[in-house]
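Chemist: Encoded as structure tokens, here's the structure I'll be asking about.
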Amino acid sequence: MTHVVSENCIRCKYTDCVDVCPVDCFREGPNMLVIDPDECIDCAVCIPECPANAIYAEEDLPAEQLAFIKLNAELARADGWKSITKRKAALPDADEWKDKPNKLAELVK
Ligand code: F3S
């Protein structure tokens, strides 16, 4: 099992999650983070840290977010998606995008 970053992260990227990860399993893309499923140890400490409530245990993902299991695994290995281990500023309009649904089309890979 793993934990999964879901759609709510897109265009927010608050990065509070990375500061608490004991195994540095987050990978950063242009407007979202993902979790490398091969590194995640299912500790769950990142879940309450996310202001956008974007992180779920794989088994708790809402049905409409299931595609993010594969997306996290693929993007964790994608060119340009690098390890991020320290919190940084959120995207400038993160608060405006925080509660918007259906953001998948906004994902930049
Ligand atoms: Fe994304 Fe939440 Fe982390 S918005 S970068 S999963 S704190």
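Chemist: Criterion first (modelled with pLDDT of 95 or more and not in a loop (DSSP other than H, G, I, E, B)) does residue 70 satisfy it?
Modeler: On the way: modelled with pLDDT of 95 or more: yes; not in a loop (DSSP other than H, G, I, E, B): yes.
When the stated conditions are applied, residue 70 passes them.
Chemist: Would you mention how many residues in the stretch 33-49 are of a type outside the set (Asp, Glu) and touching a strand residue (DSSP E or B) at 6+ places or on another chain (Cβ under 7 Å)? Break it down into steps so the answer makes sense when it comes.
Modeler: Restricting attention to the stretch 33-49, the residues satisfying the condition of being of a type outside the set (Asp, Glu) are 33-35, 37, 40-41, 43-48.
Adding the requirement that they be touching a strand residue (DSSP E or B) at 6+ places or on another chain (Cβ under 7 Å) leaves 33-35, 40, 44, 46-47.
Count: 7.
Chemist: Given the conditions (1) within 8 Å of the ligand (Cβ to nearest atom); (2) part of a loop (DSSP other than H, G, I, E, B), report the number of the one that residue 22 does not fulfil.
Modeler: Unmet for residue 22, out of (1) within 8 Å of the ligand (Cβ to nearest atom); (2) part of a loop (DSSP other than H, G, I, E, B): (1).
One line per residue, one yes/no per condition, for (1) modelled with pLDDT of 95 or more; (2) buried (at least 20 other Cβ atoms within 10 Å of the Cβ); (3) closer than 22 Å to residue 100 by Cβ:
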residue	(1), (2), (3)
13	yes, yes, yes
24	yes, no, no
31	yes, no, yes
41	yes, no, no
52	yes, yes, yes
57	yes, no, no
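Chemist: What number goes with the only condition from (1) within 7 Å of the ligand (Cβ to nearest atom); (2) out of contact with any Phe, Trp or Tyr (no Cβ under 7 Å at 6 or more places or on another chain); (3) not polar (S, T, N, Q) that residue 41 does not pass?
Modeler: So residue 41 meets the others, but not (1).
Chemist: Out of all the residues in the stretch 48-67, which are within 13 Å of the ligand (Cβ to nearest atom) and part of a helix (DSSP H, G or I)? Break it down into steps so the answer makes sense when it comes.
Modeler: As a first pass, look at the stretch 48-67 and keep what is within 13 Å of the ligand (Cβ to nearest atom): 48-56, 65.
If the condition is that a residue be within 13 Å of the ligand (Cβ to nearest atom) and part of a helix (DSSP H, G or I), then 48, 49, 65 are the ones that fit.
Chemist: Let me ask another. Do we have residue 92 as at pLDDT 95 or above and within 18 Å of residue 2 (Cα to Cα) here? Can you show your working first?
Modeler: Working: at pLDDT 95 or above: yes; within 18 Å of residue 2 (Cα to Cα): no.
Judged against the criteria, residue 92 is not a match.
Chemist: Let me ask something else. Starting from residues that are among the charged types (D, E, K, R) and either more than 13 Å from residue 69 (Cβ to Cβ) or in a strand (DSSP E or B) (or both), keep the ones in the stretch 1-13 and report whichever is farthest from the ligand (Cβ to nearest atom). Working first, answer last.
Modeler: Here is the first cut: in the stretch 1-13, the ones among the charged types (D, E, K, R) are 7, 11, 13.
Checking the rest, the ones that are also either more than 13 Å from residue 69 (Cβ to Cβ) or in a strand (DSSP E or B) (or both) come to 11, 13.
On the way: 11: 9, 13: 5 Å.
Top of the filtered list is 11.
Chemist: Of the residues 36, 16, 99, which is more than 12 Å from the ligand (Cβ to nearest atom) and out of contact with any Gly (no Cβ under 6 Å at 6 or more places or on another chain)?
Modeler: Values: 16 fails: more than 12 Å from the ligand (Cβ to nearest atom); 99 fails: more than 12 Å from the ligand (Cβ to nearest atom).
Only one candidate qualifies: 36.
Chemist: Let me ask another. Report, by residue number, each residue of the stretch 68-88 that is aliphatic (A, V, I, L, M), touching a residue at least 60 places away in the same chain (Cβ under 8 Å) and within 14 Å of the ligand (Cβ to nearest atom).
Modeler: 84, the sole residue that qualifies.
The values are calculated or read from the model by the stated rules, or taken from the named source; none is laboratory data. All figures in this text were calculated on a predicted structure; none of them were measured in a lab. In this analysis, Cβ positions are derived from the backbone assuming ideal geometry, glycine residues included, and neighbour counts consider all displayed protein chains.
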